[in-house]
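Heads up: the structure comes next, in structure tokens.
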Amino acid sequence: MISEIKLGKIISLAKRRGFVYPSSEIYGGLAGTWDYGPLGAEMMYNIKDAWWKKFVASRDDMYGIASSIMMPEQVWVASGHFKHFTDPFEGKKFNTMFKSKAGALKDETTEIYLRPELAQGMFVNFKNIVDSFHPKIPFGIAQIGRCFRNEISPRDFLFRVREFDLMEFEYFIREKDWEKYFEYWRKEMWNWIKEVGIDDKKVHELEVPNNELAHYSKRTIDFQYDFPFGKKELYGLAYRTDHDLKNHKLDYYDEDTKERFIPHVIEPTFGIGRTLLALLDSAYTEDELGGEKRVFLKLKSHIAPVKVAVFPLLKNKSELVKKAKDVYEMIKKDIQPAMFDDDGNIGKRYRRQDEIGTPYCITIDFETLEKNDVTVRDRDTGKQERVKIRELTSYLKNAINI
Ligand code: GAP
């Protein structure tokens, strides 16, 4: 499919079905901002959840935090962003950080910046984490949160925006180990790409040339994705050396070896909007089922915004509707979100669920009333199977892997 056409189809599906809306649209929109609708928000939380579980909750060496978006000017002077976080514009350097003032009284106002990256939140809390938890090197500090950049020309849907969520961690190591951990996290990033369901054949590593490295980096690999508008950065992996801790005048004391030193840092970073866009692009599929064309999102179950939909075969048969509602209420206790739909004919309902990537649809028909079983339809193959109602929850839990 021609890429531009595919992007148009993805944007229109995202809007029509409640994944992503242009923000402040009734007032003409605001460049570089998008709002996530109910299905997009659900998907975003699924991405965050999966990331937090993999990189934070399941590990003993990672400390998750949630730090402030507003940070004082001193932070950005020390980090180098005050000087270097710029894009060229009309022959000058344009700093893309959003600046504001906190407080009302003139002599008590503080110059603040909305963070353009999460990393400084981790660095300014380095001493707090060490004092509270006494971690041994290597260890990491992670967070998920919103960042702001005054991009000169926001474009390409969710790709380049002015307000976006990031998932990022700083992994503190001894200098001599940087290559080892760079390799380790590179592999883990590839694992994440596969686990979340991004088409890994469309992901390519780019060794960022020395003259294009960020001011803090000694080595960076960009994970690029074949977006419909070209091969562009999806994620980044940087060796930040001891740049940040050194400039914040922080160090680490090893109780065992009695040495004091400045840890070095490996930083994997993941944009959420770009993840969602790559997922929609990877999952968007057109095929033919039963002689009819259809569009479906081949999302992994843990990422799909709706896990299961329940329908009565016919809307105007009250005994079918009642039974379907009972089954829906039963399933919903364990599997969320579930959706009930009795609008239009059954074929249309399947298509609607396919289009939002619901992995399983359940239909209550006349046989259900006699035998207490239902049909379970698989999104990708369209194949249907009869399953006893009493086994349905565990069948679905197993199939969805939750
Ligand atoms: N702390 C490192 C850092 O912030 P970055 O490459 O400047 O590195 C990290 O940004 C990630 O944030 C990118 O890999 C990308 O996924 C995402 N990102 C950056 N700018 C963005 C923008 N304007 N809109 C959406 N996502 C963006």
> Here are 295, 265, 310: which of them is within 16 Å of the ligand (Cβ to nearest atom), hydrophobic (A, V, I, L, M, F, W, C) and either in contact with a His (Cβ under 8 Å, 6 or more places away or on another chain) or assigned to a strand (DSSP E or B) (or both)?
Replying inline: 265
> Using beta carbons and a limit of 8 Å, which pairs, at least six apart or on different chains, have the first residue in region 156-170 and closer than 18 Å to residue 69 by Cβ and part of a loop (DSSP other than H, G, I, E, B) and the second one within 6 Å of the ligand (Cβ to nearest atom) and of a type in the set (Asp, Glu)?
Replying inline: 161/151; 162/151
> Any idea how many residues of region 155-183 are more than 11 Å from the ligand (Cβ to nearest atom) and within 20 Å of residue 143 (Cβ to Cβ)?
Replying inline: 4
> When only residues in region 363-402 that are of a type in the set (Ser, Thr, Tyr) and part of a strand (DSSP E or B) count, which is nearest to residue 314 (Cα to Cα)?
Replying inline: 363
> Considering only residues of region 86-119 that are within 16 Å of the ligand (Cβ to nearest atom) and outside any strand (DSSP E or B), which is nearest to residue 67 (Cα to Cα)?
Replying inline: 118
>> Checking the condition hydrophobic (A, V, I, L, M, F, W, C), modelled with pLDDT of 95 or more and away from the ligand (no atom under 15 Å from the Cβ), which residue from 75, 56 passes?
In response: 56
>> Residue under question is residue 278, and the condition is that it be under 29 Å from residue 198 (Cβ atoms) and either away from the ligand (no atom under 16 Å from the Cβ) or in a strand (DSSP E or B) (or both); does it hold?
In response: no
>> Against the definition (touching a residue at least 24 places away in the same chain (Cβ under 8 Å), on the phi < 0 side of the Ramachandran plot and within 16 Å of the ligand (Cβ to nearest atom)), how does residue 289 come out, yes or no?
In response: no
>> With the requirement that a residue be assigned to a loop (DSSP other than H, G, I, E, B), farther than 13 Å from residue 172 by Cα and among the charged types (D, E, K, R), what does region 232-256 give you?
In response: 249, 255, 256
> Restricting attention to region 204-211, does a residue exist that is within 22 Å of residue 139 (Cα to Cα), within 16 Å of the ligand (Cβ to nearest atom) and either without any contact (Cβ under 8 Å) to a residue 24 or more places away in the chain or in contact with a Phe, Trp or Tyr (Cβ under 9 Å, 6 or more places away or on another chain) (or both)?
Replying inline: no
> What pairs come up if the first residue lies in region 324-341 and is without any contact (Cβ under 8 Å) to a residue 24 or more places away in the chain, the second is surrounded by 20 or more Cβ atoms within 10 Å (Cβ to Cβ), and their beta carbons are under 7 Å apart, counting only those six or more places apart or on different chains?
Replying inline: 328/310; 328/338; 332/338
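The values are calculated or read from the model by the stated rules, or taken from the named source; none is laboratory data. Because the structure is predicted, anything quoted here is derived from the model rather than measured. Ideal geometry is used to build each Cβ from the backbone, glycine not excepted, and the neighbour counts take in all protein chains shown.
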